[in-house]
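Nothing in this text is a laboratory measurement; each read-out follows from the coordinates by a stated rule. Given the structure is predicted, the values throughout are model-derived calculations rather than measurements. Cβ: placed from backbone, ideal geometry, glycine included. Neighbour counts: every protein chain shown.
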Amino acid sequence: MTALLRRRRSVEAGAFLVRSAGMVLILLLAVGRLPGFGLPEGGALPLDALIGAFGTLAVMAVSNVLALAGFLRPGGKRYDLAGAGQMLGDTVATVLIVIVVQVNWGQTVWPALSLAVVIGALRRRLPGALLVWAVAAASLAVAAVHYGSALMPLSDLTMAVMLNLLLAALSGVQASASGRHVRDLDEARRQLAHQAAHDGLTGLANRAGLAAHAASLDGRAVALLVLDLNGFKAVNDTLGHAAGDEVLQAVADRLRVALRDGDLPGRIGGDEFVVVLADADLETATELADRLRTEISRPVQAAGHPVTVGVSIGVAAREAGSPAGLDELSSAADAAMYREKAARSIPG
């Protein structure tokens, strides 16, 4: 699992747990069982407070469903949309409970808005934090017009808006930096994984990449081609190794063009190449080998000179269900390749 997916799962797990604890507290508050927050005279909350409390619970419950889905599928196509829904839900829920508590109990709980701001930063970095702040500030302003001083004094409202703006800026910038770090780590990991499975000169699969691909074809029919260039040493000796590298890259390009989707070419060292053919029999592989002999023997421009090299190709295949592995197929194809060289009196 990548660093990004691990981060997403951590965010969703944390959001689920914090939100669940908050739901318990709100439920206790609504029924007058939260210490220090008894029911007002008459034994019940006003209707608008009850609507606000239970509306908050409903919004948080929906957000928790989205959090659970995000935790189980952090790489899902709808993860970002679900995260945006949670961010909006958390903002609405926090604003509602702040209004209910401040109006009905006179307690200063607007600092709880900072939690929604931080969550916005975690999910959408600086834009998310600023968006949550804007929604919260606008909601408090509307509530202040409706409830007047029963919500909070104007000085507290000003303080709530300005402090949460500062928090949004700080947490958003920090979350953005953290997000870039996570992306850089994932990119470095992808590059290392690519380097471990690919030849640095041609970009084809190396031995490790070929082995991993062959393992993924376990139980299926597979054919293998082993190719060894003829006359390549003369290119290196006369034109230099840079020209030889150009020839190897040109051969790699021709292999890519000639193969079917699902087939994998590789370079296993020097001027030796391997092609793994999925769901192919000996006849299919032999036909491809004939085409490759023609393609590879076409002149290549190297160091400004037209260069021609030939190729000897050995072919081996296994039927579906055969236990033969890559090493066994390689040995058989390698032997066939040397028989071809011997038959044409080509030096190894």
Checklist entry - Helix 3-30 versus the longest principal axis of the chain: what is the Cα-based angle in degrees, 0 to 90, to the nearest 10? => result 20
Checklist outcome for this item: Dividing the mean separation of Cα pairs under 8 Å (6+ apart) by the residue count of the chain yields a relative contact order in percent of 13
Item to check | Potential extension, F37-A112 segment - 0.36 nm per residue separation minus Cα distance | outcome: 25.4 nm
Checklist entry - Where in region 256-275 does the amide nitrogen come within less than 17 Å of the point 7 Å from the Cα of R207, taken along Cα to Cβ? => result 266-275
Checklist outcome for this item: All alpha-carbon distances of region 1-129, grouped into 5 Å bins from 0, give the whole-percent distribution 2, 11, 20, 22, 16, 11, 8, 5, 3, 1, 0, 0
Checklist entry - Nearest 20 debye, what's the magnitude of the dipole of the chain about its Cα centre given +1 on Lys and Arg Cβ and -1 on Asp and Glu Cβ? => result 940
Item to check | Selection from V145, W110, S330 lying farthest towards where the dipole of the chain points positive, charges on Cβ | outcome: V145
Checklist entry - Using alpha-carbon pairs under 8 Å, 6+ residues apart, how would you state the relative contact order of region 233-348 in percent? => result 20
Checklist entry - If you line up the long axis of helix 207-216 against the longest principal axis of the chain, both from Cα atoms, how many degrees apart are they, to the nearest 10? => result 70
Next on the checklist: On C-alpha positions alone, give me the angle between the axis of helix 241-258 and the longest principal axis of the chain, in degrees, nearest 10.
Outcome noted: 70
Item to check | Extension gain (nm, one decimal) between D48 and L163, 0.36 nm per residue minus Cα-Cα | outcome: 38.6 nm
Checklist outcome for this item: Sparse-neighbourhood loop hits (trypsin sites (Lys or Arg not before Pro), region 1-53; DSSP loop; Cβ within 10 Å at most 13 others) -> R33
Checklist entry - Any idea how far apart A84 and L4 come out in nm if each label point goes 7 Å out from Cα toward Cβ? => result 1.7
Checklist entry - Measuring from label point to label point, each 7 Å out along Cα→Cβ, what is the A234 to L25 span in nm? => result 8.3
Checklist entry - Looking at region 71-145, which trypsin sites (Lys or Arg not before Pro) are DSSP coil and have at most 14 other C-beta atoms within 10 Å of their C-beta? => result K77, R78
Checklist entry - In percent, how large is the relative contact order of region 3-194, given Cα pairs closer than 8 Å and 6 or more residues apart? => result 21
Next on the checklist: Give me the dipole magnitude in Debye, nearest 20, for region 197-348 about the Cα centre, with unit charges on the beta carbon: positive for Lys and Arg, negative for Asp and Glu.
Outcome noted: 300
Item to check | Label-to-label distance, nm, for residues given as D184 and H146 (7 Å Cα→Cβ offset) | outcome: 4.6
Checklist entry - Once fully extended, how much extra length lies between E295 and A324, figured as 0.36 nm per residue of separation less the alpha-carbon to alpha-carbon distance? => result 7.5 nm
Checklist entry - Taking only DSSP H segments of four or more residues, each worth -39500 (n - 2.57), what value at 222 nm results for the chain once the sum is divided by all its residues, to the nearest 500 deg cm²/dmol? => result -23000 deg cm²/dmol
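Which loop-located trypsin sites (Lys or Arg not before Pro) does region 187-222 contain, where loop means any DSSP state but H, G, I, E or B and the Cβ has at most 16 other Cβ atoms within 10 Å? Intermediate results must be reported in sequence, preceding the final value.
Values: sites: R189, R190, R207, R220; in loops: R220.
In loop regions of region 187-222 (DSSP not H, G, I, E or B), the sparsely surrounded trypsin sites (Lys or Arg not before Pro) are R220.
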Item to check | Cα principal axis extents for region 241-337, largest first, Å | outcome: 49, 21, 21
Next on the checklist: Rounded to whole Å, give me the distance from the Cα center of region 1-65 to that of region 247-263.
Outcome noted: 59
Checklist outcome for this item: Taking GluC sites (Glu not before Pro) as exposed when in a DSSP loop with at most 13 other Cβ atoms inside 10 Å, the chain has its longest clean stretch at 42-318
